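Reading through the structure tokens given below for one structure.
The values are calculated or read from the model by the stated rules, or taken from the named source; none is laboratory data. Keep in mind it's a predicted model, so treat the numbers as computed, not measured. Virtual Cβ from ideal backbone geometry, glycine too; neighbours counted across all protein chains shown.
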Amino acid sequence: MSRFNRIFFSHKCSECKQAVTFNVQFRYGELDDHSYTLGDRIKWGTNNKGDARHSHVIVDGMGFCPKCRGTAGFIVKIHNNLIADVSFSIPDSDDFEESGYTILESFI
């Protein structure tokens, strides 16, 4: 049983300035080392973090540059259980609850 899922996100590294694909780990949905890309639907099962009924969520993510090993924080945006966007987060951001995700809108 895994503690994270991952999304692969291509972007220029802010440290080495190389175009790379980040392996961004995040904790939302069924935590079973699922691999996602933009537009994929979040999977739910037995080891869940969050709730499928939340319609708009931002999730804290962390990734490493495969070239320079620089660490970067990410924001994973989820709309209706689809991964809608991934972007760099601002260092020392207070955007996230202690849970690692913030609910922006919910059907609960």
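State all residues of the range 48-61 that are in contact with a Gly (Cβ under 9 Å, 6 or more places away or on another chain) and surrounded by fewer than 17 Cβ atoms within 10 Å (Cβ to Cβ); if no residue qualifies, say none. Result: Asn48, Ala52.
Here Asp33 does not fit the description of being in a strand (DSSP E or B), acidic (Asp, Glu) and either farther than 14 Å from Ala84 by Cβ or out of contact with any Leu (no Cβ under 7 Å at 6 or more places or on another chain) (or both). Scanning the range 19-38 for residues that are surrounded by 12 or more Cβ atoms within 10 Å (Cβ to Cβ) and within 16 Å of Cys65 (Cα to Cα) yields Val20, Thr21, Phe22, Asn23, Val24, Gln25, Phe26. Among the residues examined, Lys17 qualifies as among the basic types (Lys, Arg), on the phi > 0 side of the Ramachandran plot, without any contact (Cβ under 8 Å) to a residue 60 or more places away in the chain and in a loop (DSSP other than H, G, I, E, B).
Taking the criterion of being of a type outside the set (Phe, Trp, Tyr) and modelled with pLDDT under 95, the residues of the range 67-78 that qualify are Arg69, Gly70, Thr71, Ala72, Gly73, Ile75. For Asn81, the conditions (1) surrounded by 14 or more Cβ atoms within 10 Å (Cβ to Cβ); (2) at pLDDT below 95 are fulfilled apart from (2).
Residue check: Arg41 meets all listed conditions (1) under 19 Å from Ile103 (Cα atoms); (2) surrounded by 15 or more Cβ atoms within 10 Å (Cβ to Cβ) but one, namely (2).
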